[in-house]
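Here is the structure we will look at, set down as C-alpha coordinates.
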Amino acid sequence: MTPPILRTLQPLGWLAAGAAVLAVAALVLGGLGFRWDPLGLGKRRLDRAEASAVTAVAESAARIAEAEGQAAQVARLDAAVQSAVTLERVTARSIQIARTADDASLPLPADRVDRLRDHDRELCRGAPDLLGCPPAPDPSGDGEPAV
(Lines give C-alpha, C1' and ligand atoms only; values in the text may rest on other atoms or scores of the structure.)
Protein backbone atom coordinates (compact mmCIF):
# COMPACT_ATOMS: atom_id res chain seq x y z
CA MET A 1 0.00 0.00 0.00
CA THR A 2 1.37 3.38 -1.04
CA PRO A 3 1.02 6.42 1.18
CA PRO A 4 -1.71 8.83 0.12
CA ILE A 5 0.72 11.71 -0.43
CA LEU A 6 2.50 9.78 -3.18
CA ARG A 7 -0.76 9.13 -4.99
CA THR A 8 -1.88 12.76 -4.87
CA LEU A 9 1.25 14.33 -6.37
CA GLN A 10 1.08 15.30 -10.00
CA PRO A 11 4.23 15.40 -12.20
CA LEU A 12 4.66 19.08 -11.39
CA GLY A 13 4.42 18.26 -7.69
CA TRP A 14 7.07 15.56 -8.05
CA LEU A 15 9.31 18.11 -9.74
CA ALA A 16 8.78 20.60 -6.90
CA ALA A 17 9.44 17.90 -4.28
CA GLY A 18 12.65 16.84 -6.04
CA ALA A 19 13.81 20.47 -6.21
CA ALA A 20 13.05 20.92 -2.51
CA VAL A 21 15.03 17.78 -1.61
CA LEU A 22 18.01 19.00 -3.73
CA ALA A 23 17.87 22.44 -2.12
CA VAL A 24 17.83 20.99 1.41
CA ALA A 25 20.72 18.63 0.51
CA ALA A 26 22.73 21.54 -0.94
CA LEU A 27 22.14 23.61 2.21
CA VAL A 28 23.10 20.77 4.52
CA LEU A 29 26.18 19.78 2.53
CA GLY A 30 27.21 23.45 2.08
CA GLY A 31 26.89 23.96 5.81
CA LEU A 32 29.18 20.97 6.35
CA GLY A 33 31.85 22.48 4.08
CA PHE A 34 31.30 20.52 0.87
CA ARG A 35 31.79 22.56 -2.30
CA TRP A 36 31.04 21.61 -5.88
CA ASP A 37 33.15 23.62 -8.32
CA PRO A 38 33.57 21.67 -11.56
CA LEU A 39 35.19 24.65 -13.40
CA GLY A 40 37.74 25.45 -10.68
CA LEU A 41 36.50 29.03 -10.24
CA GLY A 42 37.44 29.06 -6.56
CA LYS A 43 41.05 28.16 -7.36
CA ARG A 44 41.25 30.84 -10.03
CA ARG A 45 39.88 33.41 -7.60
CA LEU A 46 42.42 32.30 -4.99
CA ASP A 47 45.29 32.55 -7.50
CA ARG A 48 44.24 36.07 -8.48
CA ALA A 49 43.98 37.11 -4.84
CA GLU A 50 47.46 35.72 -4.07
CA ALA A 51 48.94 37.50 -7.10
CA SER A 52 47.30 40.75 -5.99
CA ALA A 53 48.72 40.29 -2.49
CA VAL A 54 52.24 39.73 -3.84
CA THR A 55 51.93 42.85 -6.02
CA ALA A 56 50.64 44.89 -3.07
CA VAL A 57 53.58 43.78 -0.90
CA ALA A 58 56.08 44.70 -3.64
CA GLU A 59 54.46 48.10 -4.19
CA SER A 60 54.43 48.73 -0.45
CA ALA A 61 58.15 47.93 -0.20
CA ALA A 62 58.83 50.26 -3.14
CA ARG A 63 56.87 53.08 -1.48
CA ILE A 64 58.77 52.56 1.78
CA ALA A 65 62.13 52.65 -0.02
CA GLU A 66 61.06 55.75 -1.92
CA ALA A 67 59.99 57.50 1.29
CA GLU A 68 63.28 56.61 3.00
CA GLY A 69 65.25 57.88 0.01
CA GLN A 70 63.26 61.09 -0.06
CA ALA A 71 63.83 61.64 3.67
CA ALA A 72 67.57 61.09 3.23
CA GLN A 73 67.62 63.50 0.28
CA VAL A 74 65.80 66.15 2.33
CA ALA A 75 68.29 65.68 5.17
CA ARG A 76 71.25 66.08 2.78
CA LEU A 77 69.66 69.15 1.20
CA ASP A 78 69.01 70.69 4.62
CA ALA A 79 72.63 70.08 5.61
CA ALA A 80 73.88 71.67 2.38
CA VAL A 81 71.62 74.70 2.79
CA GLN A 82 72.67 75.10 6.42
CA SER A 83 76.32 74.88 5.38
CA ALA A 84 75.80 77.51 2.69
CA VAL A 85 74.00 79.83 5.12
CA THR A 86 76.75 79.43 7.71
CA LEU A 87 79.45 80.05 5.08
CA GLU A 88 77.64 83.15 3.83
CA ARG A 89 77.30 84.49 7.37
CA VAL A 90 80.99 83.92 8.16
CA THR A 91 82.12 85.35 4.82
CA ALA A 92 79.99 88.49 5.22
CA ARG A 93 81.37 89.05 8.71
CA SER A 94 84.97 88.55 7.49
CA ILE A 95 84.49 90.96 4.60
CA GLN A 96 83.02 93.58 6.90
CA ILE A 97 85.91 93.22 9.35
CA ALA A 98 88.47 93.37 6.53
CA ARG A 99 86.95 96.52 5.05
CA THR A 100 86.73 98.36 8.37
CA ALA A 101 90.16 97.33 9.70
CA ASP A 102 92.68 100.07 10.51
CA ASP A 103 95.14 98.76 7.92
CA ALA A 104 92.54 98.18 5.16
CA SER A 105 93.90 100.99 3.01
CA LEU A 106 97.55 99.95 3.37
CA PRO A 107 99.08 97.79 0.63
CA LEU A 108 100.15 94.26 1.59
CA PRO A 109 103.85 93.38 1.68
CA ALA A 110 104.99 91.39 -1.37
CA ASP A 111 105.96 88.27 0.61
CA ARG A 112 102.50 88.15 2.22
CA VAL A 113 100.83 88.52 -1.20
CA ASP A 114 102.94 85.61 -2.49
CA ARG A 115 101.98 83.46 0.51
CA LEU A 116 98.29 84.25 -0.01
CA ARG A 117 98.52 83.38 -3.74
CA ASP A 118 100.28 80.10 -2.94
CA HIS A 119 97.58 79.32 -0.39
CA ASP A 120 94.84 80.05 -2.95
CA ARG A 121 96.51 77.79 -5.51
CA GLU A 122 96.74 75.01 -2.93
CA LEU A 123 93.03 75.41 -2.14
CA CYS A 124 92.18 75.26 -5.85
CA ARG A 125 94.28 72.11 -6.29
CA GLY A 126 92.42 70.44 -3.43
CA ALA A 127 88.96 71.59 -4.53
CA PRO A 128 88.96 72.77 -8.17
CA ASP A 129 85.21 73.39 -8.14
CA LEU A 130 85.57 76.31 -5.69
CA LEU A 131 84.37 79.68 -6.89
CA GLY A 132 87.30 81.66 -8.28
CA CYS A 133 89.44 78.65 -9.16
CA PRO A 134 90.45 78.16 -12.78
CA PRO A 135 89.06 75.03 -14.46
CA ALA A 136 91.15 71.89 -14.04
CA PRO A 137 93.58 71.26 -16.90
CA ASP A 138 92.81 68.50 -19.37
CA PRO A 139 94.74 65.40 -18.25
CA SER A 140 95.36 64.24 -21.82
CA GLY A 141 97.12 67.53 -22.65
CA ASP A 142 96.88 67.00 -26.41
CA GLY A 143 93.31 68.13 -27.01
CA GLU A 144 91.97 64.59 -27.16
CA PRO A 145 89.09 63.73 -24.83
CA ALA A 146 90.16 62.27 -21.50
CA VAL A 147 89.60 58.54 -21.08
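Quick notes on this one:
- Ranked by how many other beta carbons lie within 10 Å on average, peptides 94-100, 121-127 from highest: 121-127, 94-100
- In nm, spacing of pseudo-spin labels at Ala79 and Asp47 (7 Å Cα→C-beta vector): 5.0
- Dipole of the chain [Lys/Arg +1, Asp/Glu -1 at C-beta], most positive-end residue of Ala23, Val113, Val90: Ala23
- Rounded percent of accessible protein surface that carbon and sulfur make up, the chain, 1.4 Å probe: 65
- On Cα atoms only, tilt of 11-31 relative to the major axis of the chain in degrees: 40
- For the range 10-147, the per residue solvent-accessible surface stands at 89 Å², with DNA, RNA and ligands left out and a 1.4 Å probe.
- Taking 7 Å steps out from each Cα toward its Cβ at Ala127 and Gln96 produces label points 2.3 nm apart.
- Selected from Ala23, Ala84, Ala101 as most flexible by GNM, with the chain as the system and alpha-carbon contacts under 10 Å: Ala23
- Convex hull per residue volume in Å³, alpha carbons only, for the chain: 321
- Ellipticity estimate at 222 nm from DSSP helix runs (n ≥ 4, -39,500 (n - 2.57)) divided over the chain, nearest 500: -25000 deg cm²/dmol
- Förster radius 35 Å - calculated FRET efficiency between Ala67 and Val113, Cβ distance, rounded to 0.05: 0.05
The values are calculated or read from the model by the stated rules, or taken from the named source; none is laboratory data. Everything numeric in this text was worked out from a predicted model, so none of it was measured. Because the Cβ atoms are built from the backbone with ideal geometry, glycine has one as well, and the counts that use them run over all protein chains shown. Protein only, heavy atoms only, side chains kept; ligands, DNA and RNA dropped before computing areas. Shrake-Rupley method; radii C 1.70, N 1.55, O 1.52, S 1.80 Å.
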